[in-house]
Amino acid sequence: MDLSPRYNPLDVEEPLLAQWNEAGLFQAEPDPTRTPYTIVIPPPNVTGILHMGHALNNTIQDILIRFKRMQGFNALWVPGTDHAGIATQNVVEKSLAKEGKRRQDLGREAFLNRVWQWREQYGSTIITQLKRLGASCDWRRTRFTMDDGLSQAVTDVFLKLYEAGLLYRGNYIINWCPRCQTALADEEAPRKETQGKLYHFRYPLSETPDRSIVVATTRPETMLGDTAVAVHPNDPRYQSLIGQTVRLPLVGRELRIIADEAVDPEFGTGAVKVTPAHDPVDFQLGKKHSLEFINVMTDDGRMANVPAPYDGLDRFVCRKRVLEDLERQELLEKTTDHLHNVGHCYRCDTVIEPRLSLQWFVRMKPLAEPAIQAVKDGTITFIPSRWTKVYLNWMENIQDWCISRQIWWGHRIPVWYCNACITNEKSKKDPNWKPENIIGIQPTSAERGVAGVIVSKTPPTQCPTCGSVVGLKQDEDVLDTWFSSWLWPFSTLGWPQHTKDLDYFYPTNTLVTAPEIIFFWVARMIMAGYFCLGKPPFTTVYIHGTVRDLSGRKMSKSLGNVIDPLEIIKQFGADALRYTLVTSTAVGTDVFISDEKFVVGRNFSNKLWNAARFILQVAPAAPGTGALPPAEQLSVFDRWILAELNRTIADTTAALERCHFDEAADRVYEFLWHQFCDWHIEFVKPTITTMPAGRQVLRHVLEQSLRLLHPVMPFISEALWQQLRPADATKFLMTAPWPLPGALQDDEAGRQVRWAIQVITAIRSVRAEFRVPAAARVDVTLAGHSAPDAALAEQITRLAGVHTLRVSAKAAAARGSVPILFDGGSGVIHLGDAIDLEQARHAKQRELTEELQPRLQAVEGRLRNEAFTKSAPPDIVQQEQEKRTILTQRIATLESYLNALR
RNA sequence: GGGCGAUUAGCUCAGUCGGUUAGAGCGCAUGCCUCACAUGCAUGAGGUCAGAGGUUCGAGUCCUCUAUCGCCCACCA
């Protein structure tokens with residue numbers, strides 16, 4: 001082992017990954033004799049590169065998996081990636097654009113080949129990065145949402161839902177990008193605050209054209225598709241107009257004036273033009289009031305189904321034209337500036353157009369019921385629990401899920417349409433209907449067995465209704481990416497096949513994820529789990545925070561505040577990255593980081609490294625097992641540190657069980673650095689060469705604490721542990737058993753050492769406060785304690801730099817001395833000439849009057865209060881009484897000292 | 001507009017069932033290159049727990065209101 005005083009993680013981490021991997025330690029197989037513990041990874045986008053959010057998310061999962069693995073569970077962590085429909089398609093389209101091509105130029109099949117090609121080449125980047133972080137996934141099981149098995153799961157579920165009557169096809173307002181000619185999910189059409197104009201139009205009443213109602217709009221061109229005007233039912237201004245009609249200018253259509261609560265009487269004129277095919281709110285109004293839906297725009301943003309002068313105009317050209325024409329007719333009442341949020345295509349920044357289109361939906365209410373129940377009855381719990389409310393609130397108001405997407409990269413919708421049947425069916429109802437029109441199947445009739453709609457796992461060769469073998473055409477759309485991810489916890493284990501893996505590892509245990517995908521993903525997985533398997537997909541959902549910079553902003557490329565985890569790993573090591581991430585976040589709170597913060601993790605690694613270096617030097621491996629020497633060979637220090645180790649084991653274990661990862665990491669840090677290194681090693685240093693039992697204890701304590709540290713800092717703990725490994729232990733720390741508290745409990749030795757630490761600290765404090773030169777002679781007399789054992793006394797004198805240490809019943813104050821007060825007693829430090837008497841007197845006088853006396857008064861006040869002594873728990877009262885005794889003693893000590901100085 | 005959360009040291013945050021003198025890391029100050037570690041050691045300064053009221057023997061902790069900030073959802077045509 002390299003004995004450099006500087007720990008270099010790069011020398012250690014990569015080789016360890018290779019060792020672990022070679023030994024197959026990440027792998028898990030069903031084993032009925034052991035209890036499984038399973039986590040499925042939230043699959044990162046296949047286009048992804050590791051960012052701090054991933055680093056945090058996967059560090060937490062790895063902590064859990066490593067902890068449970070050491071506890072003896074058969075721990076499986078299933079990795080994989082998500083095909084991320086639109087995101088991935090965009091990446092490939094961008095690379096195409098560099099060649100001056102669009103996806104349409106290649107055609108569907110060639111384009112998809114290109115995407116697959118891309119995935120082969122770059123799709124494992126993030127997996128490689130996760131490995132580097134130390135993620136102990138079973139990498140053999142890496143899945144991709146477009147794998148054959150998972151695609152089969154998708155198709156199966158689609159069929160299952162169809163058969164259960166939970167699928168329908170209906171019209172819906174979507175975000176449409178006229179440039180990309182595709183629908184966009186809401187999150188793909190971010191709203192930007194935009195300075196626009198609010199135009200007020202006068203719509204003349206049909207009956208009395210000299211009277212009119214004024215409506216306001218930001219998108220004048222949509223007025224060509226208006227099919228109503230709406231006002232609030234209680235708005236006094238419009239009571240008489242409700243039910244009347246207006247004549248739509250430029251078009252001439254008669255529009256009913258309807259009343260609906262959705263209208264805000266405060267905004268604009270309190271009257272709204274209703275364009276059901278081009279606005280989400282209007283769409284709802286249209287459905288509610290059975291209005292006509294007129295789509296006035298083509299895929300590329302030109303006007304259609306409008307009077308001749310406007311037909312074919314670009315939407316913004318048309319906007320100007322409409323305004324000019326209304327102005328000429330004196331129907332443009334006024335124009336005001338208006339700041340509003342407008343959706344923009346996140347790829348090309350084009351203003352999106354809300355537009356009616358035909359989409360597939362899943363009826364969610366029936367699916368939600370068991371998923372609500374499971375959370376209510378505690379089958380599934382959220383950590384932190386406040387997310388329970390958020391989840392339930394959303395689930396109880398759940399909307400149907402639009403699952404079709406007009407892109408190419410994804411699972412193609414397994415539906416075929418029979419042209420013959422549909423033509424036939426439609427023309428019965430509407431003689432003017434032509435097949436090239438939108439195929440509209442109304443929600444109410446779409447459940448099953450609709451003529452012409454064939455839902456099938458494989459391409460049908462014949463229409464089951466009319467027997468036609470031609471004109472069967474597959475739906476052009478693909479499914480929402482989440483339609484595959486919601487099956488992830490069981491599709492990755494082999495579902496819909498009945499596999500051993502599924503039997504054994506499902507339901508999984510813990511899901512670790514971020515709050516922003518509770519709705520998209522977590523809730524849907526729970527619903528899918530119950531729908532497909534009748535069982536929850538997991539029992540605990542751990543929601544961690546968002547990684548932010550120090551000013552609280554999310555990390556994003558556009559803000560330029562991104563810290564690259566791989567850069568941190570290169571600079572400080574994966575352990576430092578993991579440690580700092582985990583200790584920077586309490587349960588469920590956001591994580592605020594800057595690159596300097598990772599120095600803390602690095603410094604801790606280095607500290608550990610050096611402590612181990614020291615121990616390996618002074619206490620080389622002894623033959624035999626890791627068993628501790630018999631109790632009678634242990635020094636006070638050994639007994640003390642072993643008891644502290646036991647407490648640390650208990651605390652750390654409890655913290656991990658509660659998913660308080662920061663607490664667990666802090667606890668081991670505190671023990672290793674501030675108890676073991678700062679005190680124990682210092683105490684035993686001078687005698688270690690002559691105390692074989694002490695050497696064994698040193699190795700034992702470090703070895704055991706490395707086990708505690710391993711889930712958080714797997715690399716350095718493994719590297720050092722292998723050097724300290726007891727002869728009878730497993731080869732790898734990673735699979736070594738989790739420590740259990742030993743038999744040795746806190747005892748008299750522990751109290752002695754804690755007392756000694758206080759004495760030493762108090763003496764050092766005085767030395768520093770009064771600037772006592774290192775060479776000055778310092779004698780100490782302690783009171784209120786029996787004589788410490790020789791070893792202890794020796795270390796007190798050594799570590800506090802004391803010449804002689806005496807213990808007497810009463811430590812008399814005298815000139816040239818300073819009293820010290822500590823929890824286990826008090827004493828006097830004789831400093832002779834090395835002390836400034838005036839300064840000492842002032843300091844002690846202040847301590848007396850500003851600190852001790854007010855505290856005593858407070859305590860006495862409480863004890864005089866009968867309400868307190870009668871109603872407070874007895875142990876609290878007793879505590880106060882003890883406090884009074886101690887304070888009284890201290891005050892007496894200080895007073896006698898001050899008197900002696902006079 | 002609806003919901004959730006936060007406000008504790010200069011900074012970033014802990015603080016369990018209401019009960020000793022409210023903690024940590026970083027930063028700062030002072031002194032140390034002590035033979036594991038200067039990525040270190042020792043000591044220290046720094047807090048009206050956002051504000052007001054209430055419950056209680058006792059409130060950082062529970063309740064109400066106010067202020068400020070953040071997040072999610074729905075969004076004004």
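Yes/no per residue for (1) more than 16 Å from A:HIS674 (Cα to Cα); (2) surrounded by fewer than 22 Cβ atoms within 10 Å (Cβ to Cβ); (3) modelled with pLDDT of 90 or more:
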residue	(1), (2), (3)
A:LYS607	no, yes, yes
A:ALA611	no, yes, yes
A:GLY624	yes, yes, no
A:LEU642	no, no, yes
A:LEU645	no, no, yes
Considering region A:58-85, residues that are of a type outside the set (Asp, Glu), in a helix (DSSP H, G or I) and out of contact with any strand residue (DSSP E or B) (no Cβ under 7 Å at 6 or more places or on another chain), and then whichever is farthest from A:ILE649 (Cα to Cα), we arrive at A:ASN58
Picked from region A:239-270 (must be at pLDDT 85 or above and of a type in the set (Ser, Thr, Tyr)), the residue surrounded by the most Cβ atoms within 10 Å (Cβ to Cβ) is A:THR245
Picked from region A:834-854 (must be without any contact (Cβ under 8 Å) to a residue 40 or more places away in the chain and either away from RNA strand B (no atom under 11 Å from the Cβ) or under 21 Å from A:VAL766 (Cβ atoms) (or both)), the residue nearest to the chain's Cα centre (by Cα) is A:GLU851
Of the candidates A:LEU698, A:LEU706, the one satisfying the condition of being within 21 Å of A:LEU133 (Cα to Cα), in contact (Cβ under 8 Å) with a residue 24 or more places away in the chain and open to solvent by less than 10 Å² (accessible area, probe 1.4 Å) is A:LEU706
Of A:ALA28, A:ALA55, the only residue that is part of a loop (DSSP other than H, G, I, E, B), small (Gly, Ala, Ser) and surrounded by 23 or more Cβ atoms within 10 Å (Cβ to Cβ) is A:ALA28
- Is it fair to say A:ARG754 is more than 30 Å from A:PHE822 (Cβ to Cβ) and either within 16 Å of RNA strand B (Cβ to nearest atom) or among the basic types (Lys, Arg) (or both)? no
A careful count of residues in region A:1-36 that are among the basic types (Lys, Arg) and within 16 Å of RNA strand B (Cβ to nearest atom) gives 1
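Okay, residues lined up against (1) within 13 Å of RNA strand B (Cβ to nearest atom); (2) over 36 Å from the mean Cα position of the chain (by Cα); (3) hydroxyl-bearing (Ser, Thr, Tyr):
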{"residue": "A:PRO629", "(1), (2), (3)": "no, yes, no"}
{"residue": "A:ARG658", "(1), (2), (3)": "yes, no, no"}
{"residue": "A:PRO711", "(1), (2), (3)": "no, no, no"}
{"residue": "A:PRO726", "(1), (2), (3)": "no, yes, no"}
Only one of (1) within 12 Å of RNA strand B (Cβ to nearest atom); (2) open to solvent by less than 10 Å² (accessible area, probe 1.4 Å) does not apply to A:VAL668, and that is (1)
| Are any of the residues in region A:14-25 within 26 Å of A:PHE490 (Cβ to Cβ), part of a loop (DSSP other than H, G, I, E, B) and without any contact (Cβ under 8 Å) to a residue 60 or more places away in the chain? | yes
Of the residues in region A:814-833 that are within 14 Å of RNA strand B (Cβ to nearest atom) and in contact with a helix residue (DSSP H, G or I) (Cβ under 7 Å, 6 or more places away or on another chain), the one that is modelled with the lowest pLDDT is A:GLY824
Contact list, first residue from region A:257-275 and in contact (Cβ under 8 Å) with a residue 12 or more places away in the chain and under 11 Å from A:HIS200 (Cβ atoms), second anywhere and more than 8 Å from RNA strand B (Cβ to nearest atom) and of a type in the set (Phe, Trp, Tyr), beta-carbon distance below 7 Å, six or more apart or interchain, is A:ALA271/A:TYR238
The condition of being without any contact (Cβ under 8 Å) to a residue 24 or more places away in the chain and out of contact with any Gly (no Cβ under 8 Å at 6 or more places or on another chain) holds, among A:GLN195, A:GLN244, A:GLN284, only for A:GLN284
When restricted to A:VAL272, A:VAL251, A:VAL229, A:VAL263, the only residue within 21 Å of A:GLN329 (Cα to Cα), assigned to a loop (DSSP other than H, G, I, E, B) and either within 8 Å of RNA strand B (Cβ to nearest atom) or more than 44 Å from the chain's Cα centre (by Cα) (or both) is A:VAL251
Of the residues in region A:484-501, those that are crowded, with 19+ Cβ neighbours inside 10 Å and either part of a helix (DSSP H, G or I) or free of Cβ contacts under 8 Å to residues at least 24 places away in the same chain (or both) come to A:SER484, A:SER485, A:TRP488, A:PRO489, A:PHE490, A:SER491, A:ASP501
A:TYR238 fails exactly one of (1) under 29 Å from A:PRO307 (Cβ atoms); (2) within 46 Å of the chain's Cα centre (by Cα), namely (2)
For the structure I just gave you, tell me whether A:ILE681 is within 8 Å of RNA strand B (Cβ to nearest atom) and of a type in the set (Val, Ile, Thr).
yes
Restricting region A:834-857 to residues that are open to solvent by 60 Å² or more (accessible area, probe 1.4 Å) and basic (Lys, Arg), the one nearest to A:ALA775 (Cα to Cα) turns out to be A:ARG841
Those helices (runs of 4 or more DSSP H) completely within region A:315-430 that have 3 or more residues that are open to solvent by less than 60 Å² (accessible area, probe 1.4 Å) and farther than 26 Å from A:PRO190 by Cβ are A:315-328, A:365-376, A:419-429
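Taking the options A:LEU634, A:LEU656, name whichever one is buried (at least 18 other Cβ atoms within 10 Å of the Cβ) and more than 24 Å from A:ARG66 (Cβ to Cβ).
That would be A:LEU634, the only listed residue that is buried (at least 18 other Cβ atoms within 10 Å of the Cβ) and more than 24 Å from A:ARG66 (Cβ to Cβ).
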Note on region A:786-810: residues in contact (Cβ under 8 Å) with a residue 12 or more places away in the chain and either within 10 Å of RNA strand B (Cβ to nearest atom) or surrounded by fewer than 15 Cβ atoms within 10 Å (Cβ to Cβ) (or both) are A:SER786, A:ALA787, A:ASP789, A:ARG798, A:LEU799, A:ALA800, A:GLY801, A:HIS803, A:THR804, A:SER808, A:ALA809, A:LYS810
Considering region A:209-226, residues that are within 9 Å of RNA strand B (Cβ to nearest atom) and polar (S, T, N, Q), and then whichever is most open to solvent (accessible area, probe 1.4 Å), we arrive at A:THR218
(1) touching a strand residue (DSSP E or B) at 6+ places or on another chain (Cβ under 8 Å); (2) crowded, with 24+ Cβ neighbours inside 10 Å; (3) assigned to a helix (DSSP H, G or I); (4) not acidic (Asp, Glu) all hold for A:LEU511 apart from (3)
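Would you be able to tell me the number of residues in region A:293-332 that are among the acidic types (Asp, Glu) and at pLDDT below 85? Steps first, please.
Here is the first cut: in region A:293-332, the ones among the acidic types (Asp, Glu) are A:299-300, A:311, A:314, A:324-325, A:327, A:330.
Filter once more, so that each one left must be at pLDDT below 85: A:299-300.
Number satisfying all stated conditions: 2.
The values are calculated or read from the model by the stated rules, or taken from the named source; none is laboratory data. As the structure is a prediction and not an experimental result, all values here were calculated from the model. In this analysis, Cβ positions are derived from the backbone assuming ideal geometry, glycine residues included, and neighbour counts consider all displayed protein chains. To get the accessible areas, we keep the full protein, side chains included, count just its heavy atoms, and leave off ligands, DNA and RNA. Shrake-Rupley method; radii C 1.70, N 1.55, O 1.52, S 1.80 Å.
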